[in-house]
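Only one structure is covered here, and it is reproduced in the block below.
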Amino acid sequence: MRTKLMAVVAGAAMAFGGTAAAQGTPAPVKPAATTKAPTAAARGKAEVTWWGHAAFVIRSPGGAVIAIDPWLTNPKAPKGAAQPEALDAILLTHGHFDHVGEAKALAEKTGAKVYGSFELINLLGLPEAQAVGANAGGTFRVKDVTLHLVEAVHSSSYAADPKSPAQYAGAPLGYVLKIDKGPTLYHAGDTGAFEGMSLIATQFKPTVALLPVGGHFTMGPAEAAQAVRLLKVKSVIPMHYGTFPLLQGTPDALTGELKKLRSTARVVTPEPGVTTAL
């Protein structure tokens, strides 16, 4: 079963030019462009930039710059966009290649700390000062952002060498980012809907959810609508759709499912590379 699953994923990656032919072997990071966008700190609002798939860069009013699942060379990534010149933290939800992405190269370039499950962080071989291995329940502070690690329902494995078998990379995670004087974001990682989302709602009161909707490896639009109901969020940003042919769920389908539930949550669908103020 595992061999068949790996073959399906690898085949899908090869169909997009082989940018992720194997777990742990992402394409090299492209040099950053010289143009630098205004920071969120200067604008006084939290900002989120979607890089396609599950990759986001968050900028807080206090100047924190946080990358989540930084596969910044994915097929949906904005062409020619300047990658982050500085990062304070890199958050990894699990070990699959399409989420680890260019994390190691970005950490080396920026000096950012990398957060993730204890097992995954150990497998990455990061410098000790940058490696933050933890698990669900962990809480950390990055400038004006409090990070809470929460559960997800998925699998996780990592292979630094494509010729070697993938290794267990710990339990998958989601992240809650509570921004001082700003919104509280919930990045679900790869997951299906689960009842524990209601506890996340009670404990952290997220206002914006970044949820996968593509289906097959994660929840699709109908499950994502149920997740919105459990989380009680005001806005949802769909992710993890359209990257591979197998990921057929769409934001429009999510909107339709929310209407069936009579949900008032707003579906926000930024284009890759477009920065949205929150």
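The values are calculated or read from the model by the stated rules, or taken from the named source; none is laboratory data. What you are looking at is a predicted structure, and each value in this text was computed from that prediction instead of being measured. Neighbour counts are summed over all protein chains in view; Cβ atoms, including those assigned to glycine, are modelled from backbone coordinates with ideal geometry. With ligands, DNA and RNA removed, areas are computed over all heavy atoms of the protein, side chains included. Shrake-Rupley method; radii C 1.70, N 1.55, O 1.52, S 1.80 Å.
When each of A54, A67 is tested for being within 24 Å of G214 (Cα to Cα) and not in a loop (DSSP other than H, G, I, E, B), the lone residue that passes is A67. Of all residues in the stretch 165-179, those satisfying the criterion of being open to solvent by less than 10 Å² (accessible area, probe 1.4 Å) and farther than 16 Å from T139 by Cα are A169, G170.
Answer yes if at least one residue in the stretch 113-126 is among the basic types (K, R) and within 23 Å of W50 (Cβ to Cβ), and no otherwise. Yes, the conditions are met somewhere in the stretch 113-126. Scanning the stretch 195-234 for residues that are within 18 Å of the chain's Cα centre (by Cα) and in a loop (DSSP other than H, G, I, E, B) yields P206, T207, V213, G214, G215, H216, F217, T218, M219, G220, V233. Within the stretch 133-149, being open to solvent by less than 60 Å² (accessible area, probe 1.4 Å) and either among the hydroxyl-bearing types (S, T, Y) or assigned to a loop (DSSP other than H, G, I, E, B) (or both) holds for A136, G138, D144, T146. Within the set T269, T218, T276, T255, the sole residue that is open to solvent by 10 Å² or more (accessible area, probe 1.4 Å), without any contact (Cβ under 8 Å) to a residue 24 or more places away in the chain and in contact with a strand residue (DSSP E or B) (Cβ under 7 Å, 6 or more places away or on another chain) turns out to be T255.
Would you point out the residue of the stretch 50-102, among those that are in contact with a helix residue (DSSP H, G or I) (Cβ under 6 Å, 6 or more places away or on another chain), open to solvent by 10 Å² or more (accessible area, probe 1.4 Å) and among the small types (G, A, S), that is nearest to A171 (Cα to Cα)? Result: A86. Residues considered: A40, A77, A86. Of these, the only one that is in contact with a strand residue (DSSP E or B) (Cβ under 7 Å, 6 or more places away or on another chain), modelled with pLDDT of 95 or more and among the aliphatic types (A, V, I, L, M) is A86.
Here is a yes/no grid of residues against (1) within 15 Å of A67 (Cβ to Cβ); (2) over 17 Å from the mean Cα position of the chain (by Cα); (3) buried (at least 17 other Cβ atoms within 10 Å of the Cβ):
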position: L106; (1), (2), (3): yes, no, yes
position: A112; (1), (2), (3): yes, no, yes
position: S117; (1), (2), (3): no, no, yes
position: L120; (1), (2), (3): no, no, yes
position: G125; (1), (2), (3): no, yes, no
position: A159; (1), (2), (3): no, yes, yes
position: K163; (1), (2), (3): no, yes, no
position: K181; (1), (2), (3): no, yes, no
position: T184; (1), (2), (3): no, no, yes
